[in-house]
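Written below as structure tokens is the structure these notes are about.
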Amino acid sequence: MKLSETIKLLLEEYTDRSLSISTLLERTGEKGFGVISIILTLPLLLPVPIPLPGISALFAAGPTLMGFQIAIGWHQPRLPSPIARLELTPKLSRELLKNLTRILYPIERLSRSRLLFVRENWMLYRLGGLCLFWNGLLMSLPLPIPFTNMFPAYTILVLSIGVLEADGFLMLVGFGMTIVTTLFFSSISGAALAFFLHLGDRLQSL
């Protein structure tokens with residue numbers, strides 16, 4: 001069964017009630033690493049109002065923790081209670097269902113089992129976890145620039161699908177996207193630093 005179909009069945013079951021992340025963990029087992037990373041990333045790619053301040057950081061904490069656990073060799077995902085208790089409301093589940101195909105299908109249709117040595121190599125698999133962890137951190141940054149979290153979010157989607165579908169090629173693409181995303185955020189940081197240094201010089205000259 002394709003990943004989008006697995007997620008669709010879960011969301012359809014909970015369109016009239018809240019779906020907790022702890023329930024997702026119970027239902028998906030080892031696949032929970034990828035499924036939870038994707039489901040917690042999808043809301044940050046949708047035009048859905050997020051009601052509570054800091055909730056985006058909570059969503060980003062999911063893939064960050066999943067990636068860290070893969071990187072250190074865990075076989076079952078575990079989450080701290082504040083994130084495990086996080087719930088997808090019926091409204092959000094419906095929005096995710098409506099946009100699931102649009103977001104996942106273009107990546108998923110390219111996915112197939114290939115370059116298995118990448119997926120089965122424990123060092124590369126853990127490197128994939130490290131990339132998930134890093135992109136989750138980048139996605140949680142409170143930058144005042146629109147759409148900056150889309151770069152790490154799409155990287156997380158590609159990496160997660162690569163891991164779940166045993167697609168070594170997509171995992172390699174995810175590694176490359178991680179490098180590009182890191183360079184993008186580095187350029188933003190460099191520009192911000194240059195701006196504040198210039199501003200400091202101007203203020204000192206007054």
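Taken together, the values in this text are just the output of simple stated rules run on the coordinates, not laboratory data. Just so it is clear, the model here is predicted, and its values are computed rather than measured. Methodologically, a virtual Cβ is constructed for each residue, glycine included, from the backbone with ideal geometry; neighbour enumeration extends over all protein chains shown.
Values for this structure:
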| item | result |
| --- | --- |
| 0 to 90° range, to nearest 10: angle between helix 168-205 axis and the chain longest Cα axis | 20 |
| Pairwise label distance in nanometres, Lys91 with Lys31, each label 7 Å out on the Cα-Cβ vector | 3.0 |
| For region 66-141, diffusion coefficient by Stokes-Einstein and Kirkwood Rh (Cα), 4 °C, 1.567 mPa s, µm²/s | 86 |
| Ile145 versus Asn121: modelled label distance in nm, points set 7 Å from Cα along the beta carbon direction | 3.2 |
| Computed [θ] at 222 nm, helices only, for the chain once each DSSP H run of length n ≥ 4 contributes -39500 (n - 2.57) | -23000 deg cm²/dmol |
| Debye, to nearest 20: dipole size of region 3-205, +1 on Lys, Arg Cβ, -1 on Asp, Glu Cβ | 80 |
| The chain: relative contact order in percent, alpha carbon pairs under 8 Å with at least 6 residues between | 26 |
| Convex hull volume per residue for region 92-206, taking Cα atoms only, in Å³ | 118 |
| Coil-residue trypsin sites (Lys or Arg not before Pro) of region 90-130, DSSP, other Cβ within 10 Å capped at 13 | Arg109, Arg112 |
| Spin-label pair Ser22/Ser113, simplified geometry with 7 Å Cα→Cβ offset, distance in nm | 3.5 |
| Distant alpha-carbon pairs in region 3-205 (separation over 33 angstrom), percent | 15 |
| Between helix 150-164 and the chain: long-axis angle, C-alpha atoms, 0 to 90°, nearest 10 | 30 |
